[in-house]
1. For THR80, state whether it is part of a helix (DSSP H, G or I) and surrounded by 14 or more Cβ atoms within 10 Å (Cβ to Cβ).
2. Go through the stretch 2-45 and give me each residue that's in a loop (DSSP other than H, G, I, E, B) and either under 13 Å from the mean Cα position of the chain (by Cα) or surrounded by fewer than 11 Cβ atoms within 10 Å (Cβ to Cβ) (or both).
3. Do you know which of the residues in the stretch 46-73 that are farther than 29 Å from ILE2 by Cα and of a type outside the set (Ser, Thr, Tyr) is surrounded by the most Cβ atoms within 10 Å (Cβ to Cβ)?
4. Within the stretch 46-55, is even one residue more than 11 Å from the chain's Cα centre (by Cα) and part of a helix (DSSP H, G or I)?
5. Of all the residues that make up the stretch 58-75, how many are farther than 16 Å from SER27 by Cα and either in contact with a helix residue (DSSP H, G or I) (Cβ under 9 Å, 6 or more places away or on another chain) or part of a loop (DSSP other than H, G, I, E, B) (or both)?
6. Six or more apart or on different chains, Cβ atoms under 6 Å: show the pairs whose first residue is in the stretch 74-87 and farther than 10 Å from PRO32 by Cβ and whose second is not hydrophobic (A, V, I, L, M, F, W, C).
Amino acid sequence: MIVTGRNPDNAEPARRELDGRAHVLLSDVSKPEDIDAQAAYAAEHFGQIDFVHFNAGIAILEPFTAVTEQTYDLTFDVNTKGAFFTVQRLAPLVSDGGSIVFTSSVADDAARRA
């Protein structure tokens with residue numbers, strides 16, 4: 001199993017908790033080079049994979065008139081480009097009968113701010 005995340009403050013506790021039961025990689029889906037590195041790592045360590053669960057998303061909650069090109073690009077890069085290219089790179093590794101699942105929600109993030 002490979003678990004990824006872009007925040008080292010979250011990845012390191014996950015690495016400790018999983019204690020060798022999973023490979024934990026720093027990977028930012030908004031960066032094509034990170035996606036390529038993740039796919040190369042999966043190919044090198046596993047060859048084929050049975051399941052891809054894409055669960056990344058970002059929401060920058062601001063008024064319509066306050067949206068900047070920077071926040072728009074980041075949202076698109078994570079939620080759309082990141083999802084597409086991650087699965088594009090990993091799909092060739094998925095074994096026959098394997099699955100690809102997408103989930104994304106900012107509900108947890110909103111709950112922490114409330």
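Just so you know, all these numbers are worked out from the coordinates, no wet-lab data involved. Fair warning: this is a prediction, and the values are worked out from it, not measured in the lab. Cβ coordinates were reconstructed from backbone atoms using ideal geometry, including for glycine residues, and neighbour counts include every protein chain displayed.
1. Against the criterion (part of a helix (DSSP H, G or I) and surrounded by 14 or more Cβ atoms within 10 Å (Cβ to Cβ)), THR80 does not qualify.
2. Start the filter on the stretch 2-45 by keeping residues that are in a loop (DSSP other than H, G, I, E, B), which leaves 6-7, 19-22, 27-31.
Selection gives ARG6, ASN7, ASP19, GLY20, ARG21, SER27, ASP28, VAL29, SER30, LYS31.
3. The residue in question is VAL67.
4. First, pick out the residues of the stretch 46-55 that are more than 11 Å from the chain's Cα centre (by Cα): 46-51.
Next, from what is left, pick out any that are part of a helix (DSSP H, G or I): 46.
Within the stretch 46-55, one or more residues are more than 11 Å from the chain's Cα centre (by Cα) and part of a helix (DSSP H, G or I).
5. Number satisfying all stated conditions: 7.
6. VAL78/SER30; ASN79/GLY57
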